[in-house]
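Chemist: Sending over a structure as structure tokens; questions will come in a sec.
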Amino acid sequence: MSSRTVFAAIAGRANVGKSSLINALVGERIAIVSGKPQTTRTKITGILTEGDIQYVFIDTPGIQKVRNKLATHMNNAVRDSIPGTDAALLVADITAEPGEFEEKLINALRSEGIPVILLLNKTDLITDDEKKTAAAEKYSSLYDFAAVLPISVLKREGIGDVLAETARFAKEGPHYYPDDKFTDQPEEILAAEMIRGRLFNAMYDEIPHGIAVTVEKMSESVSGKGEDILNIDAVIYCERESHKGMVIGKGGAMLKKIGSAARADLEEFFEIRVNLKLWVKVKEDWRNKESLIRSFGLSEKD
Ligand SMILES: Nc1nc2c(ncn2[C@@H]2O[C@H](COP(=O)(O)OP(=O)(O)OP(=O)(O)O)[C@@H](O)[C@H]2O)c(=O)[nH]1
Ligand SMILES: [Mg+2]
């Protein structure tokens, strides 16, 4: 049987559902999802192998106005993800008009000569079919898309169509990754992101954007009862003392809540008992310090 591989970048403005989509496509929670814009900070590879075809999807941060050095790195991660891919999946919110961000992205994709599949996500939010068609028409006047698909990642509608359209751009050749691999992210990064995801979701209204999580140590041991345990030591970095206080919460309540939710996620993902230790530290203005951005694994140059 001949084998084929397709590389597809997932791009779009913040909060449109790119990370939700990569998780749905791959069938694993490899990218964190939140209702807050600018959740994803680096590019994340999700892999799906079905029969002879391997899909390599690259989730990217939502493009944004540059407010600090981290934002520049996030936008660069998008720019660096596009060249060399066989197709781009441009995700947009079907309830919103195309704007400056979409036009910029479309222009960048046009200049790279990459076929673009437009995914109009969140169809579950509109019941009127005419509105769906109107959105598709508005976008279609901007570019000659390879396909325009209305989808709802939330309802799992249209995911199969996304795969079918992406498969059209697959190229003959050996698979790039082993067939059972679903992400190229190291375990430490996956674990750190799961913790950051819980922080984002537990502190929805007050969460400061300047939060980073690093996993300092991951090691396995055996408990007194002979049970395998994964020990994870992680540090939550905040930009200010006041933020640290918020993350810890009254009597440590918030940190406890985040810790136990994150531990449950980690146990489900790694399929092993997890002993999670969390520390909270302050690194002032880290989002403007290149060395810290790099040490948190957020520099695209690494
Ligand atoms: N109603 C609805 N909500 C959705 C759908 N897909 C994703 N969402 C929600 O949209 C929000 C943003 O989802 P993400 O997947 O984090 O979006 P993103 O594009 O990766 O965002 P950034 O990483 O910040 O650029 C979350 O609250 C999701 O639950 C959908 O099909 N319908
Ligand atoms: Mg995302």
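The values are calculated or read from the model by the stated rules, or taken from the named source; none is laboratory data. Bear in mind that the values here come from a model prediction, so they are computed numbers and not experimental data. We place every Cβ from the backbone using ideal geometry, glycine too, and count neighbours over all the protein chains shown.
Chemist: Quick check: anything in the stretch 213-232 under 22 Å from the mean Cα position of the chain (by Cα) and either among the charged types (D, E, K, R) or assigned to a loop (DSSP other than H, G, I, E, B) (or both)?
Modeler: yes
Chemist: Now for a different question. Does Tyr176 meet the test of being closer than 18 Å to Lys256 by Cα and either over 17 Å from the mean Cα position of the chain (by Cα) or more than 15 Å from ligand 1 (Cβ to nearest atom) (or both)?
Modeler: The answer is no for Tyr176.
Chemist: So, one more: May I ask you to list the residues in the stretch 152-194 that are crowded, with 19+ Cβ neighbours inside 10 Å, farther than 30 Å from Glu220 by Cβ and aliphatic (A, V, I, L, M)?
Modeler: Val153, Val162, Ala170
Chemist: Applying the selection to the stretch 244-279, what residues are at positive phi and either assigned to a helix (DSSP H, G or I) or touching a residue at least 12 places away in the same chain (Cβ under 8 Å) (or both)?
Modeler: Gly251, Gly252
Chemist: Can you find a residue in the stretch 129-151 that is among the β-branched types (Val, Ile, Thr), surrounded by 15 or more Cβ atoms within 10 Å (Cβ to Cβ) and under 30 Å from Thr214 (Cβ atoms)?
Modeler: To start, the set of residues in the stretch 129-151 that are among the β-branched types (Val, Ile, Thr) comprises 133, 148, 151.
Retained after the next criterion (residues that are surrounded by 15 or more Cβ atoms within 10 Å (Cβ to Cβ)): 148, 151.
Subsequent filtering for residues that are under 30 Å from Thr214 (Cβ atoms) retains none.
Taking every residue of the stretch 129-151 in turn, none turns out to be among the β-branched types (Val, Ile, Thr), surrounded by 15 or more Cβ atoms within 10 Å (Cβ to Cβ) and under 30 Å from Thr214 (Cβ atoms).
Chemist: May I ask you to say which residue of Ile126, Ile106, Ile159 is within 16 Å of ligand 1 (Cβ to nearest atom) and closer than 24 Å to Ile82 by Cα?
Modeler: Ile159
Chemist: Taking strands (runs of 3 or more DSSP E) that fall entirely within the stretch 1-114, which contain at least 1 residues that are more than 21 Å from Lys181 (Cα to Cα) and of a type in the set (Val, Ile, Thr)?
Modeler: 87-93
Chemist: Let me ask something else. Any idea which residue in the stretch 2-17 is farthest from ligand 1 (Cβ to nearest atom), counting only those that are in contact with a Gly (Cβ under 8 Å, 6 or more places away or on another chain) and under 27 Å from Pro174 (Cα atoms)? If you could, list the steps in order and put the result at the bottom.
Modeler: Initial filter on the stretch 2-17 (in contact with a Gly (Cβ under 8 Å, 6 or more places away or on another chain)): 3-5, 7, 12-16.
Next, only the ones that are under 27 Å from Pro174 (Cα atoms) stay: 3-5, 7.
Numbers: Ser3: 30, Arg4: 27, Thr5: 24, Phe7: 19 Å.
By that ranking, first place goes to Ser3.
Chemist: Taking Ile32, is it more than 16 Å from ligand 1 (Cβ to nearest atom) and either buried (at least 20 other Cβ atoms within 10 Å of the Cβ) or outside the structural domain of Ile151 (by TED's automatic domain parsing) (or both)? Walk me through how you get there before you give the answer.
Modeler: Values: more than 16 Å from ligand 1 (Cβ to nearest atom): no; either buried (at least 20 other Cβ atoms within 10 Å of the Cβ) or outside the structural domain of Ile151 (by TED's automatic domain parsing) (or both): yes.
Against the criterion (more than 16 Å from ligand 1 (Cβ to nearest atom) and either buried (at least 20 other Cβ atoms within 10 Å of the Cβ) or outside the structural domain of Ile151 (by TED's automatic domain parsing) (or both)), Ile32 does not qualify.
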